[in-house]
Amino acid sequence: MTPSLTTARRIIVKIGSALIVNPATAAPRDAWLATVAADIAALRAGGAEVIVVSSGAISLARRSLNLTGRTLRLEQKQAAAAVGQIRLAGAWQTALSAHGIVAAQLLLTLEDSEDRRRYLNARATLGTLLELGCVPVINENDTVATAEIRFGDNDRLAARVAEMVQADALVLLSDIDGLYTADPKRDPAAAHIPVVERMTEDIMAMGGEPPPGYSSGGMRTKLIAARISTSAGCAMAIALGEISHPLVALRDGARCTWFLPEGEGRSARKRWIAGSLSPLGTITVDAGAARALAGGRSLLPAGVRAVTGDFGRGDPVSVRGPAGQELARGLSAYDAEAARLIAGRRSGEIEAILGWRGRDEIIHRDDLVVL
């Protein structure tokens, strides 16, 4: 059955800078935002909880800081975010308060979803805000995030939030009404794809480079978001956002692309592991270990052929097969140095090699998610 906003009880809505900001005035598109706020009120009246992931802070500050027409340095982006976030939050507060809705602001960094304790804290805060009847408005914390730790686009941030709160549906409002077999602006024969049942490599290959302008995303990042959210049991839609009342239009059957969730999703802990955006190292395994992982087994040292990166015990790592393809992600039971020492050795040799007895597995199956 194709997902629907009519039946979804918890909905994440992601809106990019190109929709939020009027490029001619560098001001919020208040009239359009008012229609989105009305849609959110309508969804809430139908029994749904709604979280918004909104870009736009940096774009809203460019003109007032005389930063238009140039590529911004990291520190300029951070300064612009500090100025523009106030304006962005105010725009959402005004739009939502017209319907008696209390808006809340959360700024997240990649580390908030990578560190287990911060992940749980953020999830608890979002859950409490929803219980209190608020609409959380989330943006990446560009004032402190650096190139090494930032999400890089709010499509993936929205997917991580959807995974974090176990949402039923994630809606990415875009300048296009879904996924096509090719870029419809370049190929008139491109066909619209109404439903994607499974995220395959062929589907991922349909993504392209990010477009120029205010947006930092693109179809590629949307497909990455789909892979994250659907693996967590959350349906995702790419829908046209430039129209008035885009969410109600989607609820009422407007054309879009729905990405179907995978089964019942994974446990909260395994969703967190699978969605990790920044593995700190890579463990390459042989063909035998690859088959064992596919069969639900743990990763033993004997099957490891190489260890790269600098990671600690409990850090997320990527597991790759002999040809370099990513097979799984998991939490390593050993730091990088110890993992390199025991790679290719039997578990019974670990104590003699390291001088202490650790786990028999480099990654236990309970800490491992096969992709």
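The values are calculated or read from the model by the stated rules, or taken from the named source; none is laboratory data. No experiment lies behind these values; they were computed from the predicted model shown. Don't worry about glycine lacking a Cβ; one is built from the backbone with ideal geometry, like all the others, and counts go over all protein chains shown.
Restricted to the range 293-307, and to residues there that are part of a loop (DSSP other than H, G, I, E, B) and surrounded by fewer than 18 Cβ atoms within 10 Å (Cβ to Cβ), the residue that is nearest to the chain's Cα centre (by Cα) is G296. What residue, among those in the range 157-187 that are out of contact with any Gly (no Cβ under 7 Å at 6 or more places or on another chain) and of a type in the set (S, T, N, Q), is modelled with the highest pLDDT? Residue satisfying both the conditions and the ranking: T181.
Within the group S59, S4, S64, which residue is outside the structural domain of V248 (by TED's automatic domain parsing) and either on the phi > 0 side of the Ramachandran plot or over 20 Å from the mean Cα position of the chain (by Cα) (or both)? Before you say what the answer is, go through the steps one by one.
Values: S59 fails: outside the structural domain of V248 (by TED's automatic domain parsing); S64 fails: outside the structural domain of V248 (by TED's automatic domain parsing).
Only one candidate passes the filter, namely S4.
Scanning the range 337-371 for residues that are of a type in the set (G, A, S), crowded, with 16+ Cβ neighbours inside 10 Å and at pLDDT 95 or above gives A338, A339, A343. Of the residues making up the range 7-51, those that are over 19 Å from the mean Cα position of the chain (by Cα), β-branched (V, I, T) and under 28 Å from A61 (Cα atoms) are I20, V21, T25, T35, V36, I40.
Annotation: of all residues in the range 230-262 being among the hydroxyl-bearing types (S, T, Y) and buried (at least 18 other Cβ atoms within 10 Å of the Cβ), the one that is farthest from the chain's Cα centre (by Cα) is T257. Only a single criterion out of (1) part of a strand (DSSP E or B); (2) modelled with pLDDT of 95 or more is not satisfied by A290, namely (1). Whenever a residue of the range 244-272 is in the same structural domain as G178 (by TED's automatic domain parsing) and at pLDDT below 70, its partners that are surrounded by 19 or more Cβ atoms within 10 Å (Cβ to Cβ) and in a strand (DSSP E or B), lying with C-beta atoms within less than 8 angstrom and at least six residues away or across chains, give the pairs R266/V369.
The residue list S318, S278 contains one member that is in contact (Cβ under 8 Å) with a residue 12 or more places away in the chain, among the small types (G, A, S) and in a loop (DSSP other than H, G, I, E, B), which is S278. Within the range 344-361, none of the residues are closer than 23 Å to A232 by Cβ and touching a residue at least 60 places away in the same chain (Cβ under 8 Å). For the range 33-58, residues that are out of contact with any strand residue (DSSP E or B) (no Cβ under 9 Å at 6 or more places or on another chain), not in a loop (DSSP other than H, G, I, E, B) and not aliphatic (A, V, I, L, M) total 1.
Please determine whether any residue of the range 196-207 is part of a helix (DSSP H, G or I) and touching a helix residue (DSSP H, G or I) at 6+ places or on another chain (Cβ under 7 Å). Yes.
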